[in-house]
1. If the Cβ limit is 9 Å and pairs must be 6+ apart or interchain, which residue in the stretch B:233-247 that is without any contact (Cβ under 8 Å) to a residue 40 or more places away in the chain pairs with which residue that is among the polar types (S, T, N, Q) and part of a helix (DSSP H, G or I)?
2. Take A:LEU57 and tell me if it is at pLDDT 90 or above, over 20 Å from B:LEU105 (Cβ atoms) and of a type in the set (A, V, I, L, M).
3. Can you list residue pairs whose Cβ atoms sit under 8 Å apart, with the first residue in the stretch A:151-163 being outside any helix (DSSP H, G or I) and the second being acidic (Asp, Glu)? Count only pairs 6 or more apart in sequence or on different chains.
4. Any idea which of (1) within 13 Å of another protein chain (Cβ to nearest Cβ); (2) under 27 Å from B:GLU172 (Cβ atoms); (3) of a type in the set (Lys, Arg) is the one B:ARG122 doesn't satisfy?
5. Residue check: is A:ILE209 in contact with a His (Cβ under 8 Å, 6 or more places away or on another chain), assigned to a helix (DSSP H, G or I), within 11 Å of another protein chain (Cβ to nearest Cβ) and modelled with pLDDT of 90 or more?
6. Among all residue pairs at least 6 apart or on different chains, which show Cβ distances below 7 Å where the first residue, located in the stretch B:117-137, is within 17 Å of B:LEU105 (Cα to Cα) and the second is at pLDDT below 90 and polar (S, T, N, Q)?
7. Across the stretch A:162-178, which residue is farthest from B:SER26 (Cα to Cα) among those that are modelled with pLDDT of 85 or more and crowded, with 17+ Cβ neighbours inside 10 Å?
8. Look through the stretch A:235-249, keep the residues that are in contact (Cβ under 8 Å) with a residue 60 or more places away in the chain and of a type outside the set (Ser, Thr, Tyr), and return whichever of them is farthest from A:ARG52 (Cα to Cα).
Amino acid sequence: MSDQPKAKRTLTWQFLFTLLMFAFMYVPILILAIYSFNESRFSSNWTGFSLRWYDSLLNDARLLSSLRDSLFVALIAVGVSAILGTMMAVGLAKYRFPGKSLYRGMAYLPLIIPDIAIAVATLVFLVSVGFSRSIWTIIAAHIVFCLSYIAVVVSTRLAGLNPHLEEAALDLGATPVQAFIRVILPELMPAILSGCLLAFVLSMDDLLIASFTAGGGANTLPMEIFGRVRTGIKPDINALSVVLILASGLLAFASEYLRYRGDQKRLGN
Amino acid sequence: MSTSTQPPSPLADPSPAPSGLRRKLSKWIEPLTLLAPSGLWLLLLLVAPTLLILELSLIPGFRLGQATAPYGLGNYLQIFQPIYLPVIWRSLFFAIGSTLTTLLLGFPVAYWIALIAPQRWRNLLLVSFILPLWTSSLLRAYAWIAILRPTGVLNTVLGAIGLPGQDWLNREPAVFIGMAYSFLPYMVLILYASLEKLDKRLLEAAADLGATPQQAFWKVTIPQTFPGIAAGCLLVFISSLGDFVVPELLGGASSMTVSRLIYNQFLGATLNWGFGSSLSMVLILAVSLAIALLIKYGDKNGENLA
C-alpha cells in the first residue's frame with residue numbers, strides 16, 4: 001500500500017524500514033488468516049483448503065453466547081457512558097467549583113491505573129459490600145472506564161469549539177436547554193460517536209475487569225477466548241480472529257470517517 | 001491529572017436567573033446534574049475500591065473468610081522476599097525494554113509517515129499502521145503463539161533457509177516481541193502527532209546555517225519532538241508494566257510479572273488478597289511515579305497527554 005510512483009524520493013532507508021514495520025504489524029494477522037483455512041487440526045503444516053473452522057464457529061453455542069454477553073455489556077456500558085461522559089465533559093468545561101482539579105484528576109484515573117489494579121479493586125469492593133457478581137457488575141465496572149474515555153474525547157472537541165456559539169443562540173432567544181440541544185450537541189456529535197467507538201472497542205477487548213467482576217453467570221468473549229488459547233493453538237480461534245479482525249477493521253474505518261467529517265465541519269466553521 | 005492551565009470555556013456561563021432564590025438554585029442544580037452522576041459513579045466504583053485495597057494491603061496475609069490480622073506492613077515486606085523481588089525486576093525490565101524497543105522501531109516509521117511520505121497518503125498510512133490496535137489484544141498475542149512455537153512459522157522459515165531453530169515461546173524473547181507488537185502502534189501514533197507539528201522552517205534554517213542533516217536531526221528534530229517522545233514512552237511504559245495478556249500467553253511459567261502475580265492472588269491458586277492488594281498498590285505507585293516524572297521533566301504543558 002505504500003508503494004508510490006515517486007520511487008526516486010521515497011527509496012530511503014526510512015521507507016524500507018517503514019515497509020518492514022508494516023510487515024511486522026500485518027504478517028501475524030495474515031498468518032492467522034491463512035491458517036484459518038487450513039484443513040488440519042494441528043495447524044503447523046498445510047493439509048488443504050477448508051472452511052470447516054468457520055463452520056464449527058457458527059455451531060459453537062458457547063462461543064456465540066459469550067459473544068452475545070460481550071455485545072450486551074459493551075452496548076449498555078457505552079450507552080450509559082455516552083450520556084454520563086458527555087455530561088461530565090460539558091460540566092467540566094462550563095463550571096468552576098472548589099475541588100475541580102481533584103474531580104478532573106478522578107475522571108482521568110481509569111486511563112492511568114492499570115486494568116489489573118482496577119479489576120482487583122472492584123472485585124474486593126463488590127465482595128466486601130456483599131454485592132453478588134453478575135453480568136450487571138461487569139457493566140457497572142465497564143462504565144467506569146468507558147465514561148472516562150468518552151469524556152476525554154468530548155473535552156478535546158469542546159476545547160476547540162467556538163466560544164460564541166452558545167451566546168449567539170441565547171441572544172437569538174433560545175433557552176439554555178434549547179441552545180445546548182440544537183447548537184452545542186450537534187457540534188459535539190462526531191466526538192461523542194468516536195468516543196463511543198473507542199469505548200466500545202475497549203469494552204469488547206477487556207479481559208481482566210470482566211474476569212474479576214463476572215461471578216459465575218456471565219462469560220464474555222475475551223474470557224472465553226482466553227480460556228481456550230491459554231492451552232495452545234485452536235484452529236477455530238484462528239477463524240474467529242479473522243471474523244473479529246474484519247469487524248474491527250470496519251469499525252476503525254467508521255471511526256476514521258467520523259473524524260474526517262468532524263474535521264471537515266470544523267474547517268467549515 | 002495535573003493542575004494544567006484551563007482552556008477558556010467554550011460554553012457561555014449560565015444566564016442569570018430572575019429571582020435570588022432561583023438564581024441560587026439554578027446555580028447549583030445545573031453543575032450538579034451534569035457532574036454528580038459520573039462523580040458518584042467514579043467515587044463508588046473506583047476511588048472507594050482503591051482505598052479498600054489500600055486498607056487490605058495493610059492487613060498481612062488477608063484471605064477471604066479468615067480472621068483478620070492487625071494492621072502491619074507484612075504484605076509490603078513480602079514483596080522483598082527473594083522469590084518475589086525478581087518478579088518486580090522482571091516487570092520493570094519488560095516495561096523498559098519494550099519502551100525502548102518501540103521507540104527505536106517507531107521513530108523511523110513515524111518520521112517517514114509524517115515528514116517524507118506524500119502529503120495525501122499520510123493519514124491513510126497512519127491509520128493503516130495503527131489499525132491492528134482495533135483488534136482484540138488477546139488475539140494479537142495469540143497470533144504470535146502460532147509463529148513462535150517450536151513447530152511454528154518462524155522455525156519453518158528458519159529451517160528452510162538453513163538457520164538453526166529458535167525456542168522462544170514461553171520465554172522472555174516472546175514477551176518482548178509480543179509487547180513490542182502490542183504497543184508499537186501507540187508509540188507511532190504519538191510520535192506522529194509530535195513530528196507532524198515540527199516546524200520545518202527550523203530545519204531549513206539549520207541547513208542554511210551549514211548544519212548537516214545529522215546535526216539538524218539531533219539539534220532540531222529531537223529537541224522539538226521531545227515532549228512527544230516522552231509522552232509516547234510514558235504510554236508504552238505504563239501499558240507494558242500493567243500488561244497481563246502478553247506475558248501470560250507468551251511468557252510461560254518462567255516470565256512471572258507483577259500483573260500475573262496479582263491475578264494469581266485473586267483468581268489463581270494462592271488467594272492471598274492482602275499480598276495481592278499490596279502488589280496492586282505498588283503497581284499504581286510505579287505508574288504514578290512515571291507520570292510525575294513526565295510532568296516534571298518531559299512534557300511541561302501536558303499537551304501530549306489526555
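The values are calculated or read from the model by the stated rules, or taken from the named source; none is laboratory data. Quick caveat: nothing in here was measured; it's all calculated off a predicted structure. Cβ: placed from backbone, ideal geometry, glycine included. Neighbour counts: every protein chain shown.
1. B:PHE244/B:SER259
2. Values: at pLDDT 90 or above: no; over 20 Å from B:LEU105 (Cβ atoms): yes; of a type in the set (A, V, I, L, M): yes.
No.
3. As it stands, the answer is A:LEU161/A:GLU187, since those pairs meet every condition given.
4. Result: B:ARG122 passes all but (2).
5. Numbers: in contact with a His (Cβ under 8 Å, 6 or more places away or on another chain): yes; assigned to a helix (DSSP H, G or I): yes; within 11 Å of another protein chain (Cβ to nearest Cβ): yes; modelled with pLDDT of 90 or more: yes.
Here the answer is yes, as A:ILE209 does meet what is asked.
6. Once the first residue is within 17 Å of B:LEU105 (Cα to Cα) and sits in the stretch B:117-137, its partners that are at pLDDT below 90 and polar (S, T, N, Q) give B:LEU125/A:SER2.
7. Among those that are modelled with pLDDT of 85 or more and crowded, with 17+ Cβ neighbours inside 10 Å, it is A:ALA169.
8. Checked the stretch A:235-249; the qualifying residue farthest from A:ARG52 (Cα to Cα) is A:ILE245.
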